[in-house]
Amino acid sequence: MAPSSKPAAAVDPEAVLSHTFPEVSFAYDERDVALYALGVGACGADAVDEKELHFVYHRDGQPHIKALPSFASLFPNKNSNGLGFVNVPGLNFDASLLLHGQQYIEIYKAIPSRTNAVNKVKVAGLHDKGKATILELETTTYVKDSGEVLCMNRSTIYLRGAGGFSDSSRPYSYASYPADQVSRVSIPNLAPSAVYEDQTRQSQALLYRLSGDYNPLHSDPMVAQVAGFTRPILHGLCSLGFATRAVIKKFCNGDPTAVKSIFGRFLLHVYPGETLVTEMWLEGQRVLYQTKVKERNRAVLSGYVLLKHIPSSL
Ligand SMILES: CCCCCCC/C=C/C(=O)SCCNC(=O)CCNC(=O)[C@H](O)C(C)(C)COP(=O)(O)OP(=O)(O)OC[C@H]1O[C@@H](n2cnc3c(N)ncnc32)[C@H](O)[C@@H]1OP(=O)(O)O
């Protein structure tokens, strides 16, 4: 290479956008649904909580257990343990520095408590932020036998240190979806309509990982240190599960089928053991929320949950 040549860019957008992912088949059952619910704190403060017990136990038997809508956020993990994008040609990054940035989930059909399913995955966005690259992957999940569409997850992955690949002065930015679907929510300057406090356990990430996200960032102190944290951090989707539970509890009377879509932006890491305080505001059929860590008084997550209808009791 001539000394004046530019080093190869870390990201080749054409190669990334033209990548096709293999379809992935998977199955789950009520045990997975209940394990997930425990992983996001269901019945954590009250083992007979009448608005949550049906997520982990049912007197009439396992088939009657209900899936939390955020259980759907696990489906992209089936694509090579969630890291199917690590080997995308044209996408070079340090995997130890990646963080989950945002998650958007559309639910088209009540999430069954057991099914055989298929994931179809595509790149939905790619953005050069200079110090980072943002990759967005869309995973659409179908019921295997009927072909019905169950849900769609759009996962935003923040790749620290992998930006700066744009040629021109205008940073590269591509998205295949309307911007307002996943824009950062503005938190109202009003007292919240509801507040819910949850204590995460020291072992929260160790329990949550058994639902299928085995990234050692959440369990291994050395890996966490390399990534810049004093100890393993909580999975972003675990915090999102806590926030979704808070909304279902406060606005849906425990009914998981009332939820149409969920959006969350991860603002700051959470350490297992910290207390999550979720403030919620009802705006039309959307519940805007912001989750703070009580011990550090810092906002760690914000977003919205769109409901099919507002329960008449509100
Ligand atoms: C199939 C998919 C599976 C994915 C699994 C991935 C593995 C899972 C890992 C985890 O769960 S990690 C734990 C959860 N996540 C976190 O804890 C991250 C918390 N957030 C942060 O630490 C920070 O917000 C950040 C992501 C490091 C960004 O902070 P930074 O200070 O670097 O950003 P800014 O200077 O404010 O903004 C730069 C640029 O980027 C945009 N942006 C910022 N934050 C996010 C975000 N969370 N999501 C998306 N985009 C983000 C921001 O808007 C700026 O862009 P412009 O506005 O300038 O265009």
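GNM remark for the chain: springs join alpha carbons under 10 Å apart, and the peak mean-square fluctuation among N92, N189, N153 falls on N189.
Helical content alone sets the calculated 222 nm signal of the chain at -3500 deg cm²/dmol, taking -39,500 (n - 2.57) per DSSP H segment of four or more residues and averaging over every residue.
Tell me, what is the 1.4 Å probe accessible area of E274, in Å² to the nearest 10? Probe radius 1.4 Å; accessible area of E274 about 20 Å². The GNM of the chain, with springs linking C-alpha atoms under 10 angstrom apart, assigns the highest mean-square fluctuation among L190, L135, L74 to L190.
Applying the Kirkwood pairwise sum to the alpha-carbon positions of the chain produces a hydrodynamic radius of 20.2 angstrom. Compute the angle between helix 30-39 and the longest alpha-carbon principal axis of the chain, please, reported from 0 to 90 degrees and rounded to the nearest 10. Tilt relative to the chain: about 80 degrees. Listed by chain and number, the aspartates and glutamates placed with their C-alpha closer than 19 angstrom to that of K292 are E197, D198, E274, E279; residues fewer than eight positions away on the same chain are left out. Estimated from the Cβ-Cβ distance and a Förster radius of 45 angstrom, the FRET efficiency linking R114 and N189 is about 0.50. Please give every one of the lysines within straight-line cross-link reach of K129, meaning a C-alpha to C-alpha distance under 16 Å, and leave out same-chain neighbours fewer than 8 residues apart. Answer for K129, where 16 Å is the Cα cut-off: none of the lysines qualify.
Taking Cβ atoms as reference points and 10 Å as the exclusive limit, the residues near Q285 contribute a net charge of +2, counting Lys and Arg as +1 and Asp and Glu as -1. To put it simply, the accessible area of the chain at a 1.4 Å probe is 51 percent carbon and sulfur. Between A299 and D167, the modelled label-to-label distance comes to 3.8 nm, taking each label 7 Å out from Cα in the direction of the beta carbon. Other residues lying with their Cβ under 12 Å from the Cβ of L159 contribute a combined charge of 0, Lys and Arg counting +1, Asp and Glu -1. Relative contact order, whole percent, for the chain stands at 19, derived from Cα pairs under 8 Å and 6 or more residues apart. Relative to the longest principal axis of the Cα atoms of the chain, helix 236-251 runs at roughly 30 degrees.
Please give the per residue accessible area of the chain, computed with a probe of 1.4 Å over protein heavy atoms only, in Å².
Spelled out: the 1.4 Å probe surface of the chain, per residue, equals 47 Å².
Within the straight-line cut-off of under 21 Å between alpha carbons, the lysines reachable from K144 are K66, K78, K109, K120, K122, sequence neighbours fewer than 8 places apart in one chain being disregarded. Taking a ≥ b ≥ c as the square roots of the eigenvalues of the Cα gyration tensor, an a/c ratio of 1.5 or more together with a/b no larger than b/c marks segment 155-224 as oblate. If the elastic network links every pair of Cα atoms under 10 Å, which of S155, S70, S25 fluctuates the most in the Gaussian network model of the chain? Answer for the Gaussian network model of the chain: S25.
The values are calculated or read from the model by the stated rules, or taken from the named source; none is laboratory data. Everything numeric in this text was worked out from a predicted model, so none of it was measured. Glycine gets a Cβ as well: all are built from the backbone with ideal geometry, and neighbour counts include every protein chain shown. Heads up: the accessible areas ignore ligands, DNA and RNA and are worked out on the full protein's heavy atoms, side chains in. Shrake-Rupley method; radii C 1.70, N 1.55, O 1.52, S 1.80 Å.
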